Amino acid sequence: MLDDLEKLKAGFLSRISSADSLPQLEQARVELLGKKSEIIGLLKGLGKLAPQDRPMAGKAINNLRVAVETALEQKISTISRREMVERLEKETFDITLPGRKAGEGGFHPIGLVMEELIDIFAGLGYMVEEGPEIETDERNFKMLNFPDDHPARDMQDTFWVQNGARLLRTHTSPVQVHAMEKYKPPFAVIAPGRVFRCDSDVTHSPVFHQLEGFHVDKGINFGHLKGSLELFIHRLYGVDTKVRFRPSFFPFTEPSAEMDISCVMCGGKGCRLCKGTGWMEILGAGMIDPNVLSAGGIDPEEWTGFAFGFGIERIAMLKYGIDDIRLLFENDPRFLGQFR
């Protein structure tokens, strides 16, 4: 049997050596090492041998298989190098040809709007702060006056991690807590950044951007809040944009309000975008709840403050007339090319 294997080996290696192309080598590999090859047939036939002959025969067949695999690899490497050299010798490159002009890039609409918002508030004296996107329950909810049974804590609204010990922040409001721990009043801060909620449709995304703003000082009242936000809206959408405030409720502000602006599409006359009302909700705001100030180490008897927050995607959609929030995340070059 050993003599027969040596003859097979010589024949196999001769066939590999005579192959002159990669397709020929692939055909040889299938026939010599494939499921129906002689080597596989020999391995299957080991069971018919006497027990004392099987180890030696098995070793000899394995040696044959390894020799064939090694020869194939070496021949494939040789032919591959030869074909590359031949191709490089045939190819030419004309250095006198003009270059191909690369397309111009542009800013993303969210980035454009975020930069504009930062510029407006920086001009009003606000500092820009960032906070961690993975937050503790304490800073995301408890220190912002959220009760333990608040719906925002539900699994269907919040991405929890580490067995509920931490979460992806659901709003940029925790930066209020970080800022109160970091600075002594008076201070005015805006906090733009990404937030995460379990929500997805034409007007909502599980990942989106918010801008949180807050101002803490002595004697701050609701009039300061209204004046600051009116000035912000007039700089963003123009001085002809009307503003109104409606009573509302947020756990971390008291009193609280929602602010509407006259529809940027119809100028307040009523259209499909504003559902015929002439008004569009733009943000939520209010006076910082004394409990939140106390949690941040600030004496609410000495200091007061206001806070506001809004979605940057909504600002961008209104500013550029975008009707589907998913366009902002699909990275379609036809869409993004409009903002160069």
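The values are calculated or read from the model by the stated rules, or taken from the named source; none is laboratory data. Remember, it's a predicted structure, so these values are computed and weren't measured experimentally. Because the Cβ atoms are built from the backbone with ideal geometry, glycine has one as well, and the counts that use them run over all protein chains shown.
What are the pairs, 6+ residues apart or on separate chains, where a residue within segment 209-231 that is farther than 22 Å from Asp299 by Cα has its Cβ under 8 Å from a residue that is in a loop (DSSP other than H, G, I, E, B)? Taking only residues 6 or more apart or on different chains, the pairs are Gln210/His171; Gln210/Thr172; Leu211/Thr172; Ser228/Leu124; Leu231/Leu124. Considering only residues in segment 313-340 that are assigned to a helix (DSSP H, G or I) and β-branched (Val, Ile, Thr), the one that is surrounded by the most Cβ atoms within 10 Å (Cβ to Cβ) turns out to be Ile315.
The set of residues in segment 5-39 that are free of Cβ contacts under 8 Å to residues at least 12 places away in the same chain, surrounded by 14 or more Cβ atoms within 10 Å (Cβ to Cβ) and assigned to a loop (DSSP other than H, G, I, E, B) contains only Ser37.
The number of residues in segment 246-278 that are of a type in the set (A, V, I, L, M, F, W, C) and buried (at least 18 other Cβ atoms within 10 Å of the Cβ) comes to 8.
The single condition from (1) in a strand (DSSP E or B); (2) surrounded by fewer than 18 Cβ atoms within 10 Å (Cβ to Cβ); (3) out of contact with any His (no Cβ under 6 Å at 6 or more places or on another chain) that Gly219 fails is (1). Go through (1) surrounded by 10 or more Cβ atoms within 10 Å (Cβ to Cβ); (2) at pLDDT below 80 and name the single condition Arg82 misses. Just one mismatch for Arg82, condition (2).
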